[in-house]
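Trainee: Sharing a structure here in structure tokens format.
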Amino acid sequence: DAKTTQPPSMDCAEGRAANLPCNHSTISGNEYVYWYRQIHSQGPQYIIHGLKNNETNEMASLIITEDRKSSTLILPHATLRDTAVYYCIVKTAGNEKLTFGTGTRLTIIP
Amino acid sequence: GAVVSQHPSRVICKSGTSVKIECRSLDFQATTMFWYRQFPKQSLMLMATSNEGSKATYEQGVEKDKFLINHASLTLSTLTVTSAHPEDSSFYICSATGLKETQYFGPGTRLLVL
């Protein structure tokens, strides 16, 4: 699976949109981009995933660049409960394993 | 939907004893379950992958005789830490996949070995 690069930490003001970037320049055509988050002392929570089209659900939006070498997770109206470590993971279709990197520690500021 | 539970949520045991952790998929049948370990301020590390009715596949460096995994049904997998020692103290997390390959994680079990 392709390696991902994320900033180690970010701050965002409460109520604003949080935009979390992820680089995956070596991604292959059959690899999906998955986003999970882990709130302190809890198991990771699935957020969203996509292949090449932008995706939106009740939690977030995922914007994938046309060349698929990077993506951005958008939390449209961040709340204090969104403070967590966010993991961007590239996973090959048919390969069930997830490899967690160090993620981005997002802190929502009141 | 896609809820995974773990029991217990935390456990304290004496060195040399064994501890069993249960992982259940509550509202879906899990074709595959995974066990991870997370040390403080580190990321999750995959320990093993298990499929119902077959032997688990362990990641390199994980002792299969120390971390016994049983996946007896499509909704239950257990991890037994045998002869636990203080260095086994960690946060153990399971996950499960259904038909759509997305992994859903349990809340984790914090193990402290004294």
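Trainee: What whole number of Å gives the distance from the Cα centroid of segment A:1-72 to the Cα centroid of segment B:90-114?
Mentor: Each part's Cα centre sits 21 Å from the other's.
Trainee: With +1 on each Lys and Arg Cβ and -1 on each Asp and Glu Cβ, and nothing else charged, work out how big the dipole of segment A:1-103 is about its Cα centre, in Debye to the nearest 20.
Mentor: 160
Trainee: Label-point separation (nm) for B:Arg110 and B:Glu63, each offset 7 Å from Cα along Cα-to-Cβ?
Mentor: It is 2.6 nm.
Trainee: Grab the beta carbon distance between A:Ala93 and B:Thr17, set R0 = 45 Å, and tell me the FRET efficiency rounded to 0.05.
Mentor: 0.60
Trainee: Give the long-range amide H neighbours of A:Gly43: residues separated by 5 or more places, or on another chain, with amide H under 5 Å away, using H modelled in the peptide plane at 1.01 Å from N.
Mentor: Residues meeting the criterion, in which the H sits 1.01 Å from N, are B:Gly108.
Trainee: Under unit Cβ charges (Lys, Arg +1; Asp, Glu -1), what dipole magnitude, rounded to 20 debye, does the protein assembly as shown have relative to its Cα centre?
Mentor: That gives a dipole near 380 debye.
Trainee: Related question: If you rank A:His77, A:His40, A:His49 by fewest surrounding Cβ atoms within 10 Å, what's the result?
Mentor: On the way: A:His77 10, A:His40 7, A:His49 18.
By the 10 Å Cβ count, ascending, the order reads A:His40, A:His77, A:His49.
Trainee: Right, here's the next one. Go through the protein assembly as shown and flag any cysteine with no other cysteine's C-beta closer than 4.7 Å, please.
Mentor: That list is A:Cys12, B:Cys13.
Trainee: Kindly list the residues of segment A:17-58 that lie in the label zone of A:His77, defined by a backbone N under 17 Å from the point 7 Å along the Cα-to-C-beta vector.
Mentor: Only A:17-19, A:57-58 fall inside the zone, counting backbone N under 17 Å.
Trainee: Convert each backbone phi in segment B:48-55 into a coupling constant with the Karplus relation 6.51 cos²θ - 1.76 cosθ + 1.60 (shift: θ = phi - 60°), then list the ³J(HN,Hα) values in order as whole Hz, x for Gly and Pro.
Mentor: 7, 10, 10, 10, 4, x, 10, 5
Trainee: Other chains' Cβ within 10 Å of A:91-99 residues: what's the mean?
Mentor: If you average over the peptide's residues, the count of other-chain Cβ atoms is 4.
Trainee: Let me ask something additional. May I ask which residue of B:Ser9, B:Ala48, B:Thr102 lies farthest towards the positive end of the charge dipole of chain B, with charges of +1 (Lys, Arg) and -1 (Asp, Glu) on Cβ and the Cα centre as origin?
Mentor: Going by the Cα projections, it comes out as B:Ser9.
Trainee: Also, quick follow-up: What does the C-alpha gyration tensor say about the overall shape of chain B? Classify as rounded when a/c is under 1.5, otherwise prolate if a/b is larger than b/c, or oblate.
Mentor: Prolate is the answer for chain B, as a/c is 1.5 or above and a/b outweighs b/c.
Trainee: Whose amide H sits under 5 Å from the amide H of A:Ala78, counting only residues 5 or more places off or on another chain, with H placed in the peptide plane?
Mentor: It is A:Gly15, A:Arg16, A:Ala17, A:Ala18, by chain and number.
Trainee: Right, here's the next one. Please give me the summed charge of the neighbours of B:Phe91: other residues whose Cβ is under 12 Å from its Cβ, Lys and Arg +1, Asp and Glu -1.
Mentor: With Lys, Arg at +1 and Asp, Glu at -1, the net is +3.
Trainee: Which value does Rg/Rh take for chain A over its C-alpha atoms, Rh per Kirkwood?
Mentor: In chain A, Rg relative to Rh is 0.95.
Trainee: Still on this model: Can you give the Rg and Dmax of the protein assembly as shown based on its C-alpha atoms, in angstrom?
Mentor: Reported Rg and Dmax, both Å: 17.8, 55.
Computed from the coordinates by the stated procedures, all read-outs in this text should not be read as laboratory data. This structure is a prediction, so every number in the text was calculated from the model and none was measured. Cβ: placed from backbone, ideal geometry, glycine included. Neighbour counts: every protein chain shown.
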